[in-house]
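So the structure is just underneath, and the comments pick up after that.
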Amino acid sequence: MIKRLFSFVLLTGLGFVFYYALTNITASRELTGVSAEYAERGAAELGAANLVTAIVVTYRGLDTLGEVSVLFLAATGIAVLLRRKKGYVQARSEDKRGSSEILKTGTDFLVPIIVMFGVYIFMNGHLTPGGGFQGGAVVASAVMLQFLSNPSYRLNHTVFGFIESMSGFFYVSIGILGIVLAGGFLDNRILPLGNFGSILSAGAIPVIYTLIGLKVGTELAGILDNMRRDA
Amino acid sequence: MNIIFLIGFALMITGFWGMLTQKNMIKIILGLAIVETGVQLIMVAFGFIEGRTAPILDSAVPVKKAVEMIVDPVPQALVLTAIVIGVAVNALALTFIIKMYQKKKSLNITEYRDLKW
């Protein structure tokens, strides 16, 4: 009882704080400070049509590297916690009823399209809404579809681990190349900026976002595979 | 006063309520996810400017006029980060729950008293 009272008091207090905040918010009328600077100089400096991408990949690239590291650590932690014990035998797939022909054909038809859509999203991250994280999540959803429709589907850990580590390695390498060839760590101007608005523009941003997309896609697929276990 | 801020704060309160009152650990993590959604909504809403468009420069938003035509791109970039970190945290927390369930076969948080004082 005292617990319920305590949480009620806490939530009411929180409600008052939020009400105070809500009544005192003034909508912004124009860009100020660092955002105005990004909006003004972003296109000319980095050549990316999508300013959010310019901020995520280049201006605040170090944050994104940290974010990728957090995701990597979480995936590693999940793999360590849910690792299969020695001598553990996966429930045999012939004990389970296989999926129907319609489901199989539908999956085979949809998976390449979903993967292609994910690749499209992360390759066009500097031009359209989207980017490495979103594209990677879409690619992982194709793996999820495989898991759901085909109980005996096994992820090839060698290939996925290889893609994941290689994309992480090249991401950091491109960042260090930025120190050597351009203005600083993760500077995208190591490659020519190209025509504004075309797919091969914005220097290294498409390359970095492709690497992030591959890394996030394989990591999320690995998390899904670890959580599935006996399925 | 803005409807988006209202929804964001309502989501945060709902999530905190779930985290405080629920006994099922999966529901507690769901509460955390709802709080995250509310925070992200509020952050994006802070960057919104009435009558402006997305921060993507093309034929509709010329580079020279970008400062007067786009909403704030910085909160959007921050929320992108927050979403990914949120996914990682939730996945790790659910993994802990899976391990705890394997040990005690219970999702009820009151049965885990080892660290309680």
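The values are calculated or read from the model by the stated rules, or taken from the named source; none is laboratory data. In this text, all values refer to a predicted model and were calculated from it rather than measured experimentally. Ideal geometry is used to build each Cβ from the backbone, glycine not excepted, and the neighbour counts take in all protein chains shown. Heavy atoms of the whole protein, side chains included, go into the accessibility calculation; ligands, DNA and RNA do not. Shrake-Rupley method; radii C 1.70, N 1.55, O 1.52, S 1.80 Å.
What to note about this one:
- Summed over both chains, the contact between A and B buries some 4000 Å² of accessible surface at a probe radius of 1.4 Å.
- Sites B:LYS116 and B:ALA60, calculated FRET efficiency, Cβ-Cβ separation with R0 51 Å, nearest 0.05: 0.30
- Note on B:LEU107 and B:ILE26: their simple-model spin labels are 0.3 nm apart, each label 7 Å out from Cα toward Cβ.
- For B:ILE70, nonlocal amide neighbours, meaning residues 5 or more places apart or on other chains whose placed amide H falls under 5 Å from its own, are B:THR53.
- Selected from B:GLY38, B:GLY18, B:GLY47 as most flexible by GNM, with chain B as the system and alpha-carbon contacts under 10 Å: B:GLY47
- Largest-first principal axis extents of the Cα set of segment B:3-111 (Å): 63, 25, 15
- Pairwise label distance in nanometres, B:LYS99 with A:ARG97, each label 7 Å out on the Cα-Cβ vector: 3.7 nm
- Nitroxide proxy distance, nm - points 7 Å out along Cα→Cβ at A:LEU62 and A:ARG84: 4.2 nm
- Result for chain A in a Gaussian network model with C-alpha springs under 10 Å: among A:LEU81, A:LEU14, A:LEU145, the largest mean-square fluctuation is at A:LEU14.
- Length gained when the stretch A:LYS104-A:SER198 is fully extended (0.36 nm per residue, less Cα-Cα span): 30.1 nm
- Rounded FRET efficiency, nearest 0.05, which uses the C-beta distance separating B:VAL67 from A:ALA21 and R0 of 30 Å: 0.60
- Taking the longest Cα principal axis of chain B as reference, the axis of helix B:3-21 is set at about 10 degrees.
- A DSSP coil position with no more than 13 other Cβ atoms inside 10 Å describes the following trypsin sites (Lys or Arg not before Pro) in segment B:1-98: B:LYS23.
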